[in-house]
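Trainee: Here it is, the structure in full.
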Amino acid sequence: MPQLAQPSSHLIDASSGRMGNPTGQYEKRLRELTGLYSDAAAFEAACRSHGESVAYRVFDHRPKQASGDLIFGTTFMEPGRIGDEFYMTRGHIHARANRPEIYYGESGDGVMLMESPEGEVRAEPIRARVAVYVPPFWIHRSVNTGAAPLVMTFFYPNDSGQDYGVIDRSGGMAARVQRAEQGWKLVPNQSYRPRTADEIKRIYASADEATFT
């Protein structure tokens with residue numbers, strides 16, 4: 001008989017993003033996000049003035065099982081802009097790309113920016129009590145488009161893994177989220193390099209037998 005994991009509960013603070021009883025946490029400081037923003041001069045100026053400030057922080061709970069379980073946690077994102085672009089996370093696709101993810105808004109206003117391997121772009125607003133489903137095979141990045149911190153809870157399969165390089169290899173995501181007269185807008189990323197047929201094939205080949213039909 002397998003040794004069963006123990007049930008647990010985790011209090012989430014919707015204002016700070018802190019989660020009770022996490023097994024881990026990490027944070028990204030602004031200076032660590034080199035290359036994300038189109039306005040390099042504005043990024044360098046921001047780093048000189050507050051490069052050590054935390055841009056976002058993650059708390060998570062990771063079960064010991066290798067598969068068949070969930071990783072869950074919270075993301076806390078500070079508000080701000082670099083040039084016309086809002087603060088964002090690095091973004092990733094799952095290393096096993098057929099693994100989905102759910103984000104649930106706790107507080108603040110933001111956008112889940114998503115991109116298919118072929119370059120199709122989707123952007124779903126997220127705010128308190130809004131859940132966003134990121135389907136299998138979609139690259140995704142969180143963007144804080146509000147004036148207050150954005151806090152989200154997330155859930156994804158324990159064996160998903162992350163591939164952060166998929167965005168770097170294409171010069172960023174196909175679209176950028178920028179401020180508009182009212183809220184935000186999507187603009188093309190001029191540095192974007194579409195993936196080759198071989199690159200797209202490798203992403204789909206990363207899925208295992210559990211993929212959907």
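Trainee: How far apart, in nm, are two points set 7 Å out from the Cα along the Cα-to-Cβ line at residue 201 and at residue 147?
Mentor: Inter-label distance under the simple model: 5.2 nm.
Trainee: Using R₀ = 35 Å, calculate the FRET efficiency as 1/(1 + (r/R₀)^6) where r is the Cβ-Cβ separation of residue 128 and residue 3; round to 0.05.
Mentor: Result of the calculation: an efficiency of 0.40.
Trainee: In whole Hz, what ³J(HN,Hα) sequence does the range 76-87 give by Karplus (6.51, -1.76, 1.60; θ = phi - 60°), x for Gly and Pro?
Mentor: 10, 10, 6, x, x, 9, 10, x, 9, 9, 6, 4
Trainee: To continue, here is another question. If you take every residue apart from residue 89 with its C-beta less than 12 Å away from the C-beta of residue 89, what net charge results, scoring Lys and Arg +1 and Asp and Glu -1?
Mentor: Value of the local net charge: +1.
Trainee: Here's a follow-up. Which residue, 67, 107, 170, has the most motion in a Gaussian network model of the chain that connects Cα atoms within less than 10 Å?
Mentor: 67
Trainee: Using a Gaussian network model of the chain whose springs link C-alpha atoms within less than 10 Å, name the residue from 101, 52, 124 with the highest mean-square fluctuation.
Mentor: 52
Trainee: Now for a separate question. Residue 169 to residue 28: FRET efficiency via 1/(1 + (r/R0)^6), r the Cβ-Cβ distance, R0 22 Å, to the nearest 0.05?
Mentor: Efficiency computed from Cβ-Cβ geometry: 0.65.
Trainee: Cut-off is 10 Å between beta-carbons; in what order do 33, 113 appear when sorted fewest neighbours first?
Mentor: Exposure proxy ranking, most exposed first: 33, 113.
Trainee: Then there's this: Size of the dipole of the chain about the Cα centre, Lys and Arg at +1 and Asp and Glu at -1 on the beta carbon, nothing else charged, in debye to 20?
Mentor: 160
Trainee: Starting from the coordinates of the alpha-carbon atoms of the range 24-205, obtain the Kirkwood hydrodynamic radius over all distinct pairs and give the value in Å to one decimal.
Mentor: 16.7
The numbers here are math on the coordinates, done by the rules we state, and not lab data. If you're wondering where the values come from, they're calculated on a predicted model, not measured in any experiment. Reconstructed Cβ throughout: ideal geometry from the backbone, glycine too, with neighbour counts over all protein chains shown.
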